[in-house]
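Scroll down for the structure; my scribbles are underneath it.
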Amino acid sequence: MKKTVLISCLFLGLALIINHGLNRLIEISQPQEEPGLTAADLDMSDLKDTNDKKKRFFDFMRPIIIEENARVLDLRARLVEAKRSNKNQTWIKEIAEAYTVSWETGKENWMKLFERVDAVALEVALSQSALESAWGQSRFAQQGNNFFGQWCYETGCGIVPENRDDDSKHEVAAFDSVNESVRSYLKTINTGRVYAGLRIIRRKNREAGKPVDAKAQAGGLIKYSQKRGKYVRSIRNMIEVNRKLMLGSE
């Protein structure tokens with residue numbers, strides 16, 4: 001009897017070891033997402049001049065924005081293929097809902113969906129991140145990795161502004177990484193009602209087969225800030241003055 005119990009325990013132990021090994025093998029074989037960068041990874045010390053400051057900031061943000069834009073463009077390509085093959089209808093509806101596009105069988109609004117699932121011009125995103133985060137040095141960037149001044153509206157969702165009006169409830173969103181901040185920003189631009197102008201400009205530009213026009217897209221940001229037209233001019237000026245630094249060609 002004791003011998004039988006001992007053998008059973010040995011087999012159980014062996015099975016647990018094998019199972020653990022298989023689970024570990026599965027974990028290793030699956031692609032693991034790299035942890036994102038934080039504001040602490042942006043070293044703005046020992047800068048020689050303003051041009052050096054700009055270059056360091058743009059060099060830090062550029063690959064993050066390119067990577068997050070690539071996620072959106074990959075999703076767009078999958079949607080194009082799904083439309084062509086007329087497959088994955090449930091998945092398409094889920095994406096449409098995620099991008100707040102009404103989606104019913106026989107009433108699919110493909111134009112609006114493709115208008116929303118698209119990249120934001122690199123120079124626009126870089127300009128806004130620089131202005132909204134004070135070149136990565138603002139309180140909200142440093143404490144919450146928020147490089148675009150995004151708000152949230154649930155208690156504890158972010159950082160309470162020091163000069164917030166007594167009747168205001170908003171907080172400045174906090175993110176685990178700068179990557180998440182960029183991802184949220186792209187989703188905001190692509191779904192926010194007040195940025196429809198930018199999306200229409202982008203769609204028409206794409207339909208005409210023209211290169212991405214960052215300064216034209218900037219015109220659709222007039223409601224991003226209370227400064228309205230002055231804000232758009234600031235973005236366009238930032239692009240005009242710093243385009244080479246933004247693209248890493250200077």
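Points worth noting:
- The ranking of E81, E180 by Cβ neighbour count inside 10 Å, starting from the fewest, reads E81, E180.
- Partners of K48 within straight-line reach, counting aspartates and glutamates whose Cα lies under 17 Å from its Cα and excluding those fewer than 8 residues away in the same chain: D59, E250.
- What the phi angles of the range 238-250 give under the Karplus curve with 6.51, -1.76 and 1.60, with θ = phi - 60°, is a coupling list of 4, 5, 4, 6, 10, 3, 5, 5, 5, 7, x, 9, 9 Hz, glycine and proline written as x.
- Fluctuation leader among N163, N88, N190 - the chain, Gaussian network, Cα springs under 10 angstrom: N163
- Segment W151-V194, extension gain: residue separation times 0.36 nm, minus the distance between their alpha carbons: 14.0 nm
- Cross-link pairs K112/K204; K53/K210; K54/K223; K187/K230 - those with Cα-Cα distance over 22 Å: K53/K210; K54/K223; K187/K230
- Environment charge of L245, counting only residues whose C-beta is closer than 9 Å and scoring Lys/Arg +1, Asp/Glu -1: +2
- Ranking of K107, K87 by count of other Cβ atoms within 10 Å, fewest first: K107, K87
- Proxy reagent accessibility, fewest Cβ within 10 Å first, across E171, E97: E97, E171
- Estimated translational diffusion coefficient (Stokes-Einstein, Kirkwood radius over Cα pairs, 37 °C, 0.692 mPa s) of the chain: 156 µm² per second.
- Using the rule -39500 (n - 2.57) for each DSSP H run of four or more residues, divided by the residues of the chain, the 222 nm mean residue ellipticity is -19500 deg cm²/dmol.
- Calculated from backbone phi, Karplus (6.51, -1.76, 1.60) coupling profile of the range 139-146 in Hz, x at Gly/Pro: 4, 6, 6, 5, 8, x, 6, 9
- Rounded to the nearest 20 debye, the dipole size of the chain about its Cα centre is 960 debye, using +1 on the Cβ of Lys and Arg and -1 on the Cβ of Asp and Glu.
- One Cα centroid belongs to the range 179-233, the other to the range 27-106; the line between them spans 16 Å.
- Per-residue Karplus couplings for the range 215-225, computed as 6.51 cos²θ - 1.76 cosθ + 1.60 with θ equal to phi - 60°, are listed in order as 5, 5, 4, 4, x, x, 9, 4, 9, 6, 10 Hz, Gly and Pro entered as x.
- The order of the peptides 144-156, 233-245, 121-133 by mean Cβ neighbours within 10 Å, most packed first, is 121-133, 144-156, 233-245.
- Remark: the K93-N163 segment gains 21.0 nm on full extension, using 0.36 nm per residue and subtracting the alpha carbon distance.
- Share of pairwise Cα separations in the range 114-250, more than 24 Å, in percent: 32 percent
- The range 49-247, relative contact order in percent, only Cα pairs under 8 angstrom and at least six apart counted: 22 percent
Taken together, the values in this text are just the output of simple stated rules run on the coordinates, not laboratory data. Note that the structure is predicted; figures quoted are calculated from it, not measured. Don't worry about glycine lacking a Cβ; one is built from the backbone with ideal geometry, like all the others, and counts go over all protein chains shown.
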